[in-house]
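In what follows, a single structure is set out as structure tokens and then discussed.
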Amino acid sequence: MSETTNTNEGKKPPLNGRRALPSNNSNEEENEVPEMEAFGLIPRGFNPKDYLRVVDIHMFKEPHEINKQQHHTDKYYSPKLIVRRGQPFQIQIEFNRPYKPETDQFWLEYLIGRYPQQNKGTYIPIIVGNVLKPGEWGAKITHKENNSIRLSIMSSATCIVGKFRLYVAVWTPFGILRTHRNSATDTYILFNPWCQQDAVYLDDEKEREEYVLNDVGIVFHGNINDIKSRSWSFGQFEENILDACLFLMDKAELELSGRGNPIKICRVASAVINSRDDNGVIAGSWDNMYTYGVAPSAWTGSVDILLEYYSSKQPVRYGQCWVFAGVFNTFLRCLGIPARLITNYSSAHDNNANLQLDFFLDDEGKVDTKITKDSVWNYHCWNEAWMTRPDLPVGFGGWQVVDGTPQETSDGMYRCGPASVQAIKHGHVCFQFDAPFVYAEVNSDIVYSRREKNGTQVIEKIDTTHVGQLIVTKEVGGDGMMEITEEYKFQEGSAEERLALETAVMYGVKKQTTQDTVYQPQMDVDMEFQVQKAVLGSDFKVTITFRNKSRNYYTATTYLSGNIVFYTGVTKNEFKKHSFSARLEPSSSSAFDVVIKSSEYLSDLLDQASFHFFVTARINETGKILAIQKATVLEIPTLRIKTQGEMVAGKEMSVTVEFTNPLKQTLENVTLRLEGPGVLRTMKKEFRQIPMNSTLIWEVKCIPKRPGLRKLIASLNCDALRHVYGELNVQIQKA
């Protein structure tokens, strides 16, 4: 009901026949609350000033004061009170005279949205009592002095997460007197991983510090043979980010009454993080053309993206999987849902969810890109969010996969999750949401098949171990990598793994049988190949090794195809073709080198400097085919970050970024970005040219806001060179 969002005065939104009130799905909109609510006719002599009146409300909302300290919200860069649900907080009310409990009667009212209703949890009246019950709304007086009283207020552990308006109401014989609307007393209520009754309760303090309070993280990228990492600034505490995250739920039109449920929030957020079908936050682009936008590799964090979307209300261009995951992580941590960013190496994008990636070879043994629709991404990033799953059987709570990258539709929209990691591991993919798709991402087999002249399909090779080889996230409390593959799958080839697969098939994950197609591989010859580690801009070699285990002489017609690929495994073009005949002596190994020159690949290189090599060999004597594929990533130069002078909160310091151009060409239109949560807001600088072998130096002055260990993150971006990063840990001293 988009028409209900008009706020023009005097114009009532049209009602529909099904509900008495329009949908209440905006935290931003408000209703007018009467300051005097009369019970009937008011006698002439009535003077509100004769009754108890609120003079001032003190919220204890400074970062160093009790509320933000106890609720772990002292890092939020916001002047308002921010608390976590299910845990008491303090306010102080000053009246015009001392409060007399025998005759005076007052209560608190928390309201959210435009149509507050008590049964929807959007209007919460709180009577002051003697005791606070854990996890239920309530208030009690803890201290009285002169005209003021101190209250301890408990919020419900299941209440709506968002920004509430506070009123104090006083009863008089003739009507209710309320405080006027005062935005300074607005109270943000967030999820509380420290509270046992909260659905997102996490019992390990070190994990809470990492998954809720850490505002920088690591993205692992590259590929399985060459893992690379870079820092990402989540910045969930930065100015206006909390409001931007609440706006995302308004944008997704999530009913306010559903905003206490982390399952619903994750599901709608996974749709609104991408711009497909709902004009969400980030527009994806995988074609290496980023005109009118920022290249995905240039972003250093989520803050710029969220703030731009919050102000423009238009999708921000451009993102790829780690950008969607980085912004989603900021959203989750900002609201208080424990979250982490995951990388799955060799991630299957299974077009028809049959647990099998079909790669079709042509006569030469090359992959036929016209009919091959499935792809293996070098890596794919998604998120895990921590919560209970009361909608599923016991045992499926804990980490849930949520993915904001638009890959396939779910219930008609581009979204994915939450899917229980535990359910995926055991093959119980019948449990909502989108478990079969995630199961396929980590478990598919790759089937290479070739169509014979007579139309029969011959399976040349089945690779059961390539997909989902390694699943990782950042370690708790450090920048290292933590492997979590066994959270998603049993040991390859184990009895448990087969059982989980059979369970998944039973629950409707389609698995095609390969019985009807002939599959007899060549058993007595092994083929392997190695790609030399190489720096961007240099030549390197590929070594193909055959091991002939038989007593026969064989000759192998061998074909190497070098392709430049997007990290999604989709080929842009073939830059190297090389055929040769290999003579294989009995019971021996032979190696063949193929040299790849930088001039062959530089002009077409894409932003992740990623190659994909296919080697196919036909054993002429038997007609059998050996096929093998491997992705490889070039070493990309890094930025150097240095600081000068003392680093003290509130004092100016100097940061220098340096970069030397390694390519045999001049770099043009180069953009540098530098950011560091708590140290400096994102800064950008453009350089027209960097000649080959020359060094660029950029100096920036800044005043760090917060003491402690902080991280500076820089990126360099231009058409010829992307994914250039640098970072530096800095210790900011207290003033």
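The values are calculated or read from the model by the stated rules, or taken from the named source; none is laboratory data. Here the structure is a predicted model, which is why all the values come from computation and not from measurement. No Cβ is skipped: glycine too gets one built from the backbone with ideal geometry, and neighbour counts run over all protein chains shown. Ligands, DNA and RNA are excluded from the accessible area calculation, which covers all protein heavy atoms including side chains. Shrake-Rupley method; radii C 1.70, N 1.55, O 1.52, S 1.80 Å.
Restricting to segment 228-266, name every residue that is open to solvent by 30 Å² or more (accessible area, probe 1.4 Å) and part of a helix (DSSP H, G or I).
243, 247, 251, 257, 264
Being open to solvent by less than 10 Å² (accessible area, probe 1.4 Å), in contact with a strand residue (DSSP E or B) (Cβ under 7 Å, 6 or more places away or on another chain) and either closer than 21 Å to residue 99 by Cβ or assigned by the TED database to the domain that holds residue 332 (or both) narrows it down to one residue among 170, 200, 161; which is it?
Result: 170 is the single residue among 170, 200, 161 that is open to solvent by less than 10 Å² (accessible area, probe 1.4 Å), in contact with a strand residue (DSSP E or B) (Cβ under 7 Å, 6 or more places away or on another chain) and either closer than 21 Å to residue 99 by Cβ or assigned by the TED database to the domain that holds residue 332 (or both).
Among the candidates 538, 579, single out the residue that is at negative phi, of a type in the set (Gly, Ala, Ser) and free of Cβ contacts under 8 Å to residues at least 24 places away in the same chain.
579
Please verify whether residue 369 is modelled with pLDDT under 85 and of a type in the set (S, T, N, Q), treating the condition exactly as stated.
For residue 369, the condition - modelled with pLDDT under 85 and of a type in the set (S, T, N, Q) - is met.
Which of the residues spanning segment 410-460 are β-branched (Val, Ile, Thr) and in contact (Cβ under 8 Å) with a residue 60 or more places away in the chain?
Those that are β-branched (Val, Ile, Thr) and in contact (Cβ under 8 Å) with a residue 60 or more places away in the chain: 421, 424, 429, 442, 446, 447, 456, 458, 459.
Please find, within segment 702-735, the residue that is surrounded by the fewest Cβ atoms within 10 Å (Cβ to Cβ) out of those that are among the small types (Gly, Ala, Ser) and under 28 Å from residue 601 (Cβ atoms).
720
Any residue that is modelled with pLDDT under 80, in a strand (DSSP E or B) and not small (Gly, Ala, Ser) - is there at least one of those in segment 556-567?
Yes, segment 556-567 contains at least one residue that is modelled with pLDDT under 80, in a strand (DSSP E or B) and not small (Gly, Ala, Ser).
On the given criteria, is residue 2 small (Gly, Ala, Ser) and modelled with pLDDT of 90 or more?
Here the answer is no, as residue 2 does not meet what is asked.
So which pairs qualify, if the first residue must be in segment 144-159 and assigned to a loop (DSSP other than H, G, I, E, B), the second must be hydrophobic (A, V, I, L, M, F, W, C) and open to solvent by 20 Å² or more (accessible area, probe 1.4 Å), the Cβ gap must be under 8 Å, and the two must be at least 6 apart or on different chains?
Correct list of pairs: 147/55; 155/137; 156/137; 158/199; 159/137.
I'd like the full set of residues that are touching a residue at least 40 places away in the same chain (Cβ under 8 Å), assigned to a loop (DSSP other than H, G, I, E, B) and basic (Lys, Arg), limited to segment 101-143.
114
Pick from segment 410-433 the residues that are more than 18 Å from the chain's Cα centre (by Cα) and of a type in the set (Val, Ile, Thr): which of them is farthest from residue 342 (Cα to Cα)?
It comes out as 429.
Go through (1) in a helix (DSSP H, G or I); (2) surrounded by fewer than 24 Cβ atoms within 10 Å (Cβ to Cβ) one by one and return the number of the condition residue 423 breaks.
Result: residue 423 passes all but (2).
When only residues in segment 582-627 that are open to solvent by 10 Å² or more (accessible area, probe 1.4 Å) and free of Cβ contacts under 8 Å to residues at least 40 places away in the same chain count, which is nearest to residue 452 (Cα to Cα)?
623
What are the residues in segment 322-360 that are touching a His at 6+ places or on another chain (Cβ under 8 Å) and at pLDDT 95 or above, if any?
322, 343, 344
Show the residue pairs that are 6+ apart or on different chains and have beta-carbon atoms under 8 Å apart, the first residue being within segment 488-504 and within 22 Å of residue 382 (Cβ to Cβ), the second being assigned to a loop (DSSP other than H, G, I, E, B) and among the small types (Gly, Ala, Ser).
Pairs found: 488/468; 489/468; 500/427; 501/427; 504/427.
Restricting to segment 19-70, name every residue that is open to solvent by less than 40 Å² (accessible area, probe 1.4 Å), of a type in the set (Phe, Trp, Tyr) and either part of a helix (DSSP H, G or I) or on the phi < 0 side of the Ramachandran plot (or both).
Result: 46, single match.
Being under 28 Å from residue 533 (Cβ atoms) and either open to solvent by 40 Å² or more (accessible area, probe 1.4 Å) or not assigned by the TED database to the domain that holds residue 463 (or both) is the requirement here; does residue 680 meet it?
So residue 680 fails the test.
Please determine, by comparing only the residues of segment 568-604 that are within 19 Å of residue 532 (Cα to Cα) and outside any strand (DSSP E or B), which one is modelled with the lowest pLDDT.
The extreme case among them is 602.
Please go through segment 267-287 and pick out each residue that is assigned to a loop (DSSP other than H, G, I, E, B), open to solvent by 30 Å² or more (accessible area, probe 1.4 Å) and within 18 Å of residue 723 (Cβ to Cβ).
286, 287
Evaluate segment 314-323: report whether one residue or more is open to solvent by less than 10 Å² (accessible area, probe 1.4 Å), more than 14 Å from residue 407 (Cα to Cα) and of a type in the set (Gly, Ala, Ser).
no
Mind checking which residues of segment 527-549 are part of a strand (DSSP E or B), more than 28 Å from residue 665 (Cα to Cα) and in contact with a Ser or Thr (Cβ under 8 Å, 6 or more places away or on another chain)?
527, 528, 529, 530, 544, 545, 546, 547, 548
Considering only residues of segment 353-410 that are among the hydroxyl-bearing types (Ser, Thr, Tyr) and outside any loop (DSSP other than H, G, I, E, B), which is most open to solvent (accessible area, probe 1.4 Å)?
409
Which number in (1) outside any strand (DSSP E or B); (2) in contact (Cβ under 8 Å) with a residue 12 or more places away in the chain marks the one condition that residue 308 misses?
Evaluating residue 308 over (1) outside any strand (DSSP E or B); (2) in contact (Cβ under 8 Å) with a residue 12 or more places away in the chain leaves (2) as the failure.
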